[in-house]
Amino acid sequence: MIYLDNNATTRVAPEVFAAMQPYLTEFYGNSSSAHTLGRTMKQAIEQAREQVAALIGAADTSEIVFTSCGSESDNWAIRGALATQPEKKHIITTLVEHEAVRNVCRGLEKDGYEVSWIGVNERGEIDLDGLSDALRPDTALVTVMLANNETGVLFPVNEIGRIVRERSSALFHVDGVQAVGKIPIDLTNVDLFALSGHKLHAPQGVGALYIRKGVSLPSFIIGGAQEQGRRAGTSAVANIVGLGAACKLAQEDDDHSRIRALRDALENGILENIPNARRNGDPENRLPNTSNISFEYIEGQNILLHLDQFGICVSTGSACHSTTHESSPTLHAMQVPYTAAQGSIRFSLGRYNTEADIETTLRVLPEIIEKLAAMSPYAEVSSGRREKL
Amino acid sequence: MTDVLSHFLNPRNVGDADEPSFTGRSASLACGAHARLSIQIDERHRVSQARFRAAGCDVLVASASLLTERIAGLTTADAASLAQEPETLVGVIQHREHCPGLACDALLDAIREYSNAARDDWSGDEALICTCFFVSERTIEQTIQTQGLTTVREVTSACNAGGGCGSCHQLIQEILDTHDLP
């Protein structure tokens, strides 16, 4: 199998699995228990907290709170930030956020909040002036992603945070889920920061929220006093240990210059050899592992299923599996033409990809595209002639 | 499902039917899919060639491929009635109920184009109304009179007219309206 879908999830690293294993076997205690076994669990959690803090550059380990996933972290950050400022009813976010942010903000609109949706340009770069102009005295929260899950394009969160601080009293939340483990993180101007374990070779089912010292959020999950009373629920120690180990691995063994070279080889090979292929997103300012390519006049899901026959895993921004029209909001915001957005494929590489993976992909892909182009109702795509419906 | 996968991975009859041919199209705003189906009809009113193009999901591609195979050799009337039952193509697949329908819509559109052309070219003495089942205006009038029919549906069950692609329903209604006059 050739796994080029690392932005969806990643394989648990062997180092991570090894670190977790004792906490799935001999160390089975509850970290809230006062006995030795309980304290052993507690120590493991605190070590993981240090490892997470070290990777993202948190000043104090107490700023890290473990959650069940990135979505929980995002939900908590947004709702929590609003709860601490009940008099403020305005939120700023972008049109290209992950559902965990976008759909929460959509729901809040229905609950009476006003949301300013900031757009991006054709390269996927945020409209900084628009964001700056949108800030108001009653802005409670600015929430943006660091790295886009579809295109990998990075937002300048340090600069955005500076603007937010200089011109408002709003809290600033960053959805860092897709970025952690892939690029260095700078929390200088950030109040809240969400991350998810399974995007960086930890298991699914664990995430964290960075909460800057001085910012206090009400609990999202109410119950016991776990996580210093900030997040109830018995700690998933093995998963938390896995997240810590994954952060340690990412910090000690940064593989991203190699991954970037593989990504570039794949992308250049496609753009040079396949007609009607175009890159979506700024080529420089993006994650080193992500390449989003549109194969115009072809359906992305068809490409995906044909690649799957060769054991190659990718994802598509096209949503023809759904009965509602939900073709990628990110590509829509970037004004990618419809016929190109429908044929978008996201290749996201990772630690375990090899040159051979890229060679194989570049060998099978042109034939698949040629076959599908020959089937396209958008006329003789292969000959370059265009005909619209 | 095996049929769907096989027809998706190796779609039959991709492309355009040789000229002279009749082309139908369909598209869905719901999912963004787009299909085109072209047919060639021989002098016995049978589908001598059917080809398709599609940009859509695997179910659409497989449905269109299956459909082109199924209608080969059928009269336009039989092909049109097949297209009225898209659920018989690949069965009902959850969340994809509309995909086979898109392929069928493109076929019905192609048959309609053929029907309109056939009506224009009709060289018989009487006006041809239903080009799928080749029912003339006189036959329809006689049927309406002798059986006292008042709806298109009754006309269709009495003499087949309007039972295919449906493009003559308006014409049948007009004949009915004439007979309704006091």
Practice item. Tell me which of these B:Gln84 doesn't satisfy, since it passes every other one: (1) over 18 Å from the mean Cα position of the chain (by Cα); (2) under 17 Å from B:Ser115 (Cα atoms). Key: (1)
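Determine whether A:Ile78 is within 30 Å of A:Gly130 (Cβ to Cβ), outside any helix (DSSP H, G or I), assigned by TED's automatic domain parsing to the domain that holds A:Ala179 and within 23 Å of the chain's Cα centre (by Cα).
Values: within 30 Å of A:Gly130 (Cβ to Cβ): yes; outside any helix (DSSP H, G or I): no; assigned by TED's automatic domain parsing to the domain that holds A:Ala179: yes; within 23 Å of the chain's Cα centre (by Cα): yes.
No, not satisfied.
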Check your understanding: Residues in the range A:259-285 that are buried (at least 22 other Cβ atoms within 10 Å of the Cβ) and charged (D, E, K, R): how many?
Key -> 1
Point to revise | Spans of helices (runs of 4 or more DSSP H) in the range B:1-111 with at least 2 residues aliphatic (A, V, I, L, M), under 24 Å from A:Ile298 (Cβ atoms) and at pLDDT 90 or above | key: B:58-70
Check your understanding: Pairs under 7 Å by beta carbon, first residue touching a residue at least 60 places away in the same chain (Cβ under 8 Å) in the range B:41-59, partner of a type outside the set (Phe, Trp, Tyr), six or more apart or different chains?
Key -> B:Ile41/B:Val47; B:Ile41/B:Ser48; B:Ile41/B:Thr76; B:His45/B:Thr75; B:His45/B:Thr76
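Condition (residue is in contact (Cβ under 8 Å) with a residue 60 or more places away in the chain, buried (at least 17 other Cβ atoms within 10 Å of the Cβ), farther than 20 Å from B:Ser81 by Cβ and of a type in the set (D, E, K, R)) applied to the range B:24-31: is it met by at least one residue?
Taking the range B:24-31 first, the residues in contact (Cβ under 8 Å) with a residue 60 or more places away in the chain are B:24-28, B:30-31.
Add one more test, that the residue is buried (at least 17 other Cβ atoms within 10 Å of the Cβ), and what stays is B:24-28, B:31.
Still in the running and farther than 20 Å from B:Ser81 by Cβ: B:25, B:27-28, B:31.
Applying the additional criterion that residues be of a type in the set (D, E, K, R) yields B:25.
Scanning the range B:24-31, I find at least one residue that is in contact (Cβ under 8 Å) with a residue 60 or more places away in the chain, buried (at least 17 other Cβ atoms within 10 Å of the Cβ), farther than 20 Å from B:Ser81 by Cβ and of a type in the set (D, E, K, R), so the answer is yes.
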Review point. What number of residues within the range A:145-181 satisfy the criterion of being in a strand (DSSP E or B), of a type in the set (Val, Ile, Thr) and more than 19 Å from A:Leu82 (Cβ to Cβ)?
Key: 2
Review point. Can you name the condition, by its number, that B:Cys99 falls short on among (1) within 23 Å of B:Ser26 (Cβ to Cβ); (2) in contact with a strand residue (DSSP E or B) (Cβ under 9 Å, 6 or more places away or on another chain)?
Key: (2)
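Please specify each residue of the range A:10-34 satisfying the condition of being aromatic (Phe, Trp, Tyr) and under 29 Å from the mean Cα position of the chain (by Cα).
Keep residues of the range A:10-34 that are aromatic (Phe, Trp, Tyr), which gives A:17, A:23, A:27-28.
Listed by number, the residues that qualify are A:Phe17, A:Tyr23.
Scan the range A:48-74 for residues that are in contact with a helix residue (DSSP H, G or I) (Cβ under 6 Å, 6 or more places away or on another chain) and part of a helix (DSSP H, G or I) and jot them down.
To start, the set of residues in the range A:48-74 that are in contact with a helix residue (DSSP H, G or I) (Cβ under 6 Å, 6 or more places away or on another chain) comprises A:48-53, A:55, A:61, A:64-67, A:71, A:74.
Selection gives A:Ala48, A:Arg49, A:Glu50, A:Gln51, A:Val52, A:Ala53, A:Leu55, A:Thr61, A:Ser71, A:Asp74.
Only one residue in A:Val364, A:Val381 is aliphatic (A, V, I, L, M) and at pLDDT 95 or above. Which one?
A:Val364
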**Study point:** For B:Thr68: the one exception among (1) surrounded by fewer than 24 Cβ atoms within 10 Å (Cβ to Cβ); (2) of a type outside the set (Phe, Trp, Tyr); (3) closer than 17 Å to B:Leu102 by Cβ
**Key:** (1)
Exercise for review: Just need a number here: residues in the range B:105-146 that are charged (D, E, K, R) and touching a strand residue (DSSP E or B) at 6+ places or on another chain (Cβ under 6 Å).
Suggested key: 6
**Study point:** Sole residue being aliphatic (A, V, I, L, M), more than 16 Å from the chain's Cα centre (by Cα) and modelled with pLDDT of 95 or more, chosen from A:Val174, A:Val215
**Key:** A:Val215
Review point. Of the residues in the range B:15-26, how many are within 14 Å of chain A (Cβ to nearest Cβ) and touching a helix residue (DSSP H, G or I) at 6+ places or on another chain (Cβ under 7 Å)?
Key: 4
Exercise for review: Given the conditions (1) more than 10 Å from every other protein chain (Cβ to nearest Cβ); (2) modelled with pLDDT of 85 or more, report the number of the one that B:Asp121 does not fulfil.
Suggested key: (2)
Check your understanding: For residues in the range A:24-46 being closer than 14 Å to A:Glu227 by Cβ and of a type in the set (S, T, N, Q), which is surrounded by the most Cβ atoms within 10 Å (Cβ to Cβ)?
Key -> A:Ser31
Check your understanding: Restricting the range B:1-11 to residues that are away from chain A (no Cβ under 11 Å) and within 20 Å of B:Leu74 (Cβ to Cβ), which is surrounded by the most Cβ atoms within 10 Å (Cβ to Cβ)?
Key -> B:His7
Study note, to complete from the structure: Scanning the range A:1-47 for residues that are β-branched (Val, Ile, Thr) and either part of a loop (DSSP other than H, G, I, E, B) or in contact with a strand residue (DSSP E or B) (Cβ under 9 Å, 6 or more places away or on another chain) (or both) gives A:Ile2, A:Thr9, A:Thr10, A:Val12, A:Thr25, A:Ile45
**Study point:** In the range B:27-65, residue farthest from B:Val90 (Cα to Cα) [restricted to those that are more than 14 Å from chain A (Cβ to nearest Cβ) and more than 15 Å from the chain's Cα centre (by Cα)]
**Key:** B:Glu43
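The values are calculated or read from the model by the stated rules, or taken from the named source; none is laboratory data. Not measured: the values here are computed from a predicted model. Every residue, glycine as well, gets a Cβ built from its backbone with ideal geometry; the counts of neighbours run over all protein chains shown.
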